[in-house]
Amino acid sequence: MKKISLFATLIFSVFSLMAQQHQMSKSYVVPNDTLVREKLGQWKNLKFGLFMHWGTYSEWGVVESWSICPEDEGWTQRRGPYGATYNGYVKAYENLQTTFNPTQFNPEKWVAAAKYAGMKYVVFTTKHHDGFCMFDTKQTDYKITSAKTPFSSNPRSNVTKEIFNAFRKENFMIGAYFSKPDWHSENYWWPYFPPKDRNVNYDPAKHPDRWQKFKDYTYNQIQELMTDYGKVDVLWLDGGWVRPKNTIDTSIDWEKTIPYDQDIDMAKIAAMGRAKQPGLIVVDRTVAGQYENYTTPEQTVPDKPLDHPWESCITMGNSWSYVPGDNYKSANQIISLLVKIVSRGGNLLMNIGPGPNGDWDPVAYDRLKQIGNWMQINGEGIYNSTSIAPYSENNVYYTKSDHSNTVYAFVLSEKDAVILPGQLHFHLIHPGKVKKISLLGNNHKLKWTADSNGLVVNIPTSLQSQNGLTQAAVFKIQY
């Protein structure tokens with residue numbers, strides 16, 4: 001994950017989405033394991049999840065991990081008093097371990113806010129690319145529970161365990177984000193060579209013993225997460241450049257720059273994970289095949305339904321990790337994103353970055369409260385739903401209930417207060433079979449007519465501007 005400008009995001013989104021859709025449609029592999037397929041079915045119905053990027057980088061309020069990557073990109077720029085030299089910056093960055101002390105950490109507070117907002121699953125960054133572990137790994141001392149870290153004396157210092165336990169108590173599905181590359185590991189960035197870019201800095205084919213040590217290290221850390229942290233539903237793997245060279249798609253710019261075969265032995269990892277956690281969903285993101293059980297368009301919304309399970313991961317602010325004064329999306333924008341994604345059959349994984357004190361920005365709580373207020377009224381059109389043609393038209397988006405012959409039409413509003421026109425046209429099939437149309441959150445009886453083009457719903461004057469609805473009006477159409 002990386003921070004990029006809004007303009008760059010838009011440009012990147014167009015091209016990456018085109019590439020992703022091309023890749024997805026031709027290469028998705030349905031899991032053989034029936035338990036995995038069952039878990040995927042359950043996950044698809046949840047629709048709305050919480051993502052959290054959190055680590056020592058939050059103390060500086062800088063991009064997660066990427067500022068220690070020696071690539072000349074906008075999101076890797078080194079700033080601040082240590083930014084003049086690469087080695088000096090990395091030393092200071094890694095020294096953040098000795099000052100990281102998020103004493104306001106209270107995962108139950110996060111659970112309450114996420115649950116009210118209607119979120120149903122959580123994915124937490126147990127380790128990002130910089131290698132700092134937010135769990136009590138036995139493989140390295142570069143971790144939050146190390147005696148070098150002030151927070152290690154806190155009884156809740158194993159924050160991954162605390163977060164998973166707190167969310168699991170409220171019936172959230174649990175996802176463990178884990179970075180395959182590890183820029184702190186001497187077996188990934190070998191100190192004998194300087195790091196050149198995001199990739200391993202030596203040829204694994206020339207130094208197979210060192211690469212094997214890194215594979216063992218990765219396997220052992222994932223095994224710890226699968227063994228000691230309760231029930232885990234999703235293993236969410238980032239760092240798609242760590243992959244077998246024969247999986248590289250040379251039509252994708254960033255993939256064709258991968259210099260080496262970085263096969264991490266996903267078959268062994270997945271087998272171990274599923275032995276420990278039956279039905280485990282594995283998301284080896286961007287590495288198409290049997291270990292990418294759902295795909296993860298980043299900061300994008302596909303313009304049509306995809307033919308397999310998928311999830312858009314999108315930031316609530318501009319950044320994945322905590323940045324002071326970040327610009328948070330409005331509740332209106334977030335609800336619109338959720339509706340658009342769900343209308344195409346996907347899930348929204350919304351990211352909030354905790355700060356160095358261990359809490360979210362108050363704005364994040366406010367947004368979740370507003371979303372929750374809307375979901376209390378309209379959530380039935382979100383959960384347990386599938387996409388249905390025509391999917392959307394203008395500002396109207398459709399979903400269909402999995403459990404009944406009911407279609408929901410979401411009329412998005414540009415402003416918080418919903419204003420409806422005198423008539424709405426829903427171009428759905430079999431309009432003559434509709435038995436009832438109602439407006440969620442309102443008891444007014446509605447009149448409609450059906451013709452060959454669909455439904456025409458008449459909106460009483462009293463409902464057009466005095467309906468008490470916010471963000472989006474949802475019409476329930478029962479067949």
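The values are calculated or read from the model by the stated rules, or taken from the named source; none is laboratory data. Quick caveat, the model's predicted, so the values are computed rather than measured. Cβ atoms come from the backbone with ideal geometry, glycine included; neighbour counts cover every protein chain shown. Remember, those area values only see protein heavy atoms, side chains included, never the ligands or the DNA or RNA. Shrake-Rupley method; radii C 1.70, N 1.55, O 1.52, S 1.80 Å.
Figures for the structure shown
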read-out: Linear extension gain, Lys436 paired with Asn394, 0.36 nm per residue minus alpha-carbon span; value: 12.8 nm
read-out: Placed amide H near Thr470: partners under 5 Å, 5+ positions off or other chain; value: Val418
read-out: Pairwise label distance in nanometres, Ala205 with Gln77, each label 7 Å out on the Cα-Cβ vector; value: 3.8 nm
read-out: Mean Cα-pair separation over length for the stretch 157-231, i.e. relative contact order, pairs under 8 Å, 6 or more apart, %; value: 32 percent
read-out: Coordinate range along principal axes, alpha carbons of the chain, Å, largest first; value: 75, 44, 40
read-out: Whole-number percent relative contact order across the chain, with pairs defined as alpha carbons under 8 Å at least 6 apart; value: 17 percent
read-out: ³J(HN,Hα), Karplus 6.51/-1.76/1.60, whole Hz, each residue of the stretch 329-343, x for Gly, Pro; value: 5, 6, 4, 4, 5, 5, 5, 4, 4, 4, 4, 4, 5, 5, 5
read-out: Filter on Lys39/Lys245; Lys206/Lys268; Lys180/Lys245 - keep pairs with C-alpha separation over 25 Å; value: Lys39/Lys245
read-out: Accessible surface, the chain, averaged per residue in Å² (probe 1.4 Å); value: 41 Å²
read-out: Cut-off 14 Å (backbone N to label point 7 Å along Cα→Cβ of Trp254), residues of the stretch 185-222; value: 198-199
read-out: Cα centroid separation - the stretch 364-387 against the stretch 97-140, whole Å; value: 24 Å
read-out: Amide H contacts under 5 Å for Asp238, placed H, 5+ residues apart; value: Phe178, Ser179, Lys180
read-out: Phi-based couplings in Hz for the stretch 405-419 (Karplus 6.51, -1.76, 1.60; Gly and Pro marked x); value: 8, 10, 10, 10, 10, 9, 9, 6, 10, 6, 10, 4, 7, 7, 10
read-out: Semi-axis lengths (Å, descending) of the ellipsoid that matches the C-alpha gyration tensor of the stretch 255-384; value: 30, 20, 16
read-out: Fully extended contour minus Cα-Cα distance, from Asn87 to Thr461, at 0.36 nm per residue; value: 127.9 nm
read-out: Residues with amide H under 5 Å from that of Tyr142, placed H, sequence gap 5 or more; value: none
read-out: Positive dipole terminus of the chain, leading residue within Met119, Pro356, Thr399 (C-beta point charges); value: Thr399
read-out: J(HN,Hα) series, the stretch 93-105, from Karplus relation 6.51 cos²θ - 1.76 cosθ + 1.60, nearest Hz, glycine and proline x; value: 4, 6, 6, 4, 3, 7, 10, 5, 8, x, 5, 8, 4
read-out: Rounded to the nearest 10 Å², the accessible area of Leu440 at probe 1.4 Å; value: 20 Å²
read-out: Over the stretch 239-322, volume per residue of the alpha carbon convex hull, in Å³; value: 150 Å³
read-out: Entries of Lys276/Lys369; Lys120/Lys447; Lys369/Lys476 with Cα pairs more than 27 Å apart; value: Lys276/Lys369; Lys120/Lys447
read-out: Label point distance in nm, Ser404-Lys245, each placed 7 Å from Cα along Cα→Cβ; value: 5.8 nm
read-out: Carbon and sulfur %, accessible surface of the chain computed with the full protein complex present, 1.4 Å; value: 51 percent
